[in-house]
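In what follows, a single structure is set out as structure tokens and then discussed.
The values are calculated or read from the model by the stated rules, or taken from the named source; none is laboratory data. The shown structure was predicted, so the numbers you read here are calculated from the model rather than taken from an experiment. Positions of Cβ are backbone-derived with ideal geometry, glycine not excepted, and every protein chain shown enters the neighbour counts.
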């Protein structure tokens, strides 16, 4: 069974939609409800669920609490994952201030930065010198890290993180990172996504001759 | 000719890679250089470029300055695009403080928030009450907006933005937004991407029985 990235992204989306439906008072859901909330076909929902042995009942649907728990187990939500951040700039600071990770079992434990000024203005979370990253990561066996440094520093930061034992990266630097084959890297590039929106808005306008 | 999102994303990546190569002193580049920098096959680079009539010379490669200019024209970089932000929380503030948009021809002109406290702590950029969004957007003919509000507020904010004339959205709220068919929406979901990294790191570890 090969599970691809898009499938896992959908599972996360189902889980988030389930939280919202639960907050609305739902006790059961049907694949149609989830499909609608996430923007896929109901058959896709059933296919994704059957891949992981999640079964509902065509008439009664899925029990929300059970489904949330099962998805949580699949996605590794049953335990807390420690994550470090490198770069205490705009993005790093926003992430450190964000309160929503904890409920997802994600614990941002420390931030690292080369800039002594940024090391001082810790906002609720410790910001350590970059040289301390390796010992910290090794000691606590942290496996996941976020790169929020400028593009010119990103590869060097990644190399340090890998040598410390980091296995998965969420990368905000607008550059293609190079690492070993078993390194998991997801990229978020805000400028690129915004440029993309602008391009398609302009393209649609031109199509209509406005 | 249909241009898809991935193709435009690649063009943006080529452009960013070209800036970096230019900073390194390059005057000419080959499709192989760009392919390497972006992580695609050289044939993909040539295919993307030929779609837009960009031609190089197999021996001499592409002239970097000409290529940057051409890509800029295609991506609408020849003019400045005004963008508004809704939500002056962690993400909104990070975006407002970010200095890199301007060089990309993206001008974040204003932020809107329902919270009077956030309206006060404007950090270099004006933060207006949400009620003023509609007039502002209409008056300045802004077409692009960023949604950086909590998920429960996102759809309502989107409806206001659409009624004001916004045609393209970069959405940070972890929810599927509903709008007219010609609305361009790109989503960035930090939690989802991080969860995804965690899932695959764990999955790889299990595969190896560690």
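Taking residue B:208 and the conditions (1) at the interface with another protein chain (Cβ under 9 Å from one of its Cβ atoms); (2) over 28 Å from residue A:148 (Cβ atoms); (3) touching a residue at least 12 places away in the same chain (Cβ under 8 Å), which numbered condition does it fall short on, given that it satisfies the others?
(3) is the only condition that residue B:208 fails.
Considering only region B:124-140, state which residues are in a loop (DSSP other than H, G, I, E, B) and either in contact with a helix residue (DSSP H, G or I) (Cβ under 6 Å, 6 or more places away or on another chain) or on the phi > 0 side of the Ramachandran plot (or both).
B:124, B:125
Can you name every residue in region B:11-27 that is crowded, with 16+ Cβ neighbours inside 10 Å and more than 10 Å from chain A (Cβ to nearest Cβ)?
Hits for region B:11-27 are B:14, B:18, B:21.
Residue pairs, Cβ under 8 Å, 6 or more apart or interchain, first in region B:163-178 and assigned by TED's automatic domain parsing to the domain that holds residue B:149 and over 22 Å from residue B:131 (Cβ atoms), second part of a helix (DSSP H, G or I) and modelled with pLDDT of 95 or more. List them.
Matching pairs, first to second residue: B:175/B:154; B:175/B:155; B:178/B:155; B:178/B:158.
If you take the residues in region B:156-203 that are surrounded by fewer than 16 Cβ atoms within 10 Å (Cβ to Cβ) and part of a helix (DSSP H, G or I), which one is nearest to the other protein chains (Cβ to nearest Cβ)? Give the steps one after another, and end with the answer.
Applying the first criterion (surrounded by fewer than 16 Cβ atoms within 10 Å (Cβ to Cβ)) to region B:156-203 yields B:156, B:159, B:163, B:165, B:178, B:180-182, B:203.
Still in the running and part of a helix (DSSP H, G or I): B:156, B:159, B:163, B:203.
Working: B:156: 15, B:159: 18, B:163: 17, B:203: 7 Å.
Here the residue is B:203.
Could you tell me which of the residues B:63, B:33 is surrounded by 13 or more Cβ atoms within 10 Å (Cβ to Cβ), out of contact with any helix residue (DSSP H, G or I) (no Cβ under 9 Å at 6 or more places or on another chain) and farther than 22 Å from residue A:188 by Cβ? Spell out the reasoning first.
Numbers: B:33 fails: out of contact with any helix residue (DSSP H, G or I) (no Cβ under 9 Å at 6 or more places or on another chain).
Checking each option against the conditions leaves just B:63.
Of the residues that sit in region B:73-97 and are in contact with a helix residue (DSSP H, G or I) (Cβ under 7 Å, 6 or more places away or on another chain) and more than 9 Å from chain A (Cβ to nearest Cβ), which one is modelled with the lowest pLDDT?
Residue satisfying both the conditions and the ranking: B:78.
Report whether or not residue A:136 is crowded, with 18+ Cβ neighbours inside 10 Å, farther than 28 Å from residue B:149 by Cβ and at pLDDT 90 or above.
Working: crowded, with 18+ Cβ neighbours inside 10 Å: no; farther than 28 Å from residue B:149 by Cβ: yes; at pLDDT 90 or above: yes.
No, not satisfied.
Looking at (1) modelled with pLDDT under 90; (2) within 13 Å of chain B (Cβ to nearest Cβ), which is the one condition that is false for residue A:115?
Here residue A:115 clears every test but (2).
Is it fair to say residue A:51 is surrounded by 19 or more Cβ atoms within 10 Å (Cβ to Cβ) and in contact (Cβ under 8 Å) with a residue 24 or more places away in the chain?
Values: surrounded by 19 or more Cβ atoms within 10 Å (Cβ to Cβ): no; in contact (Cβ under 8 Å) with a residue 24 or more places away in the chain: yes.
No, not satisfied.
Can you tell me which of A:171, A:97 is closer than 30 Å to residue B:168 by Cβ and more than 14 Å from the chain's Cα centre (by Cα)? Break it down into steps so the answer makes sense when it comes.
Numbers: A:171 fails: more than 14 Å from the chain's Cα centre (by Cα).
Of A:171, A:97, the one residue that is closer than 30 Å to residue B:168 by Cβ and more than 14 Å from the chain's Cα centre (by Cα) is A:97.
Taking the conditions exactly as written (farther than 15 Å from residue A:198 by Cβ and either away from every other protein chain (no Cβ under 11 Å) or out of contact with any strand residue (DSSP E or B) (no Cβ under 6 Å at 6 or more places or on another chain) (or both)), does residue B:133 satisfy them or not? Outline the logic, then answer.
Numbers: farther than 15 Å from residue A:198 by Cβ: yes; either away from every other protein chain (no Cβ under 11 Å) or out of contact with any strand residue (DSSP E or B) (no Cβ under 6 Å at 6 or more places or on another chain) (or both): yes.
When the stated conditions are applied, residue B:133 passes them.
Across region A:141-155, what is the total count of residues that are within 19 Å of residue B:202 (Cα to Cα) and either assigned to a loop (DSSP other than H, G, I, E, B) or more than 21 Å from the chain's Cα centre (by Cα) (or both)?
3
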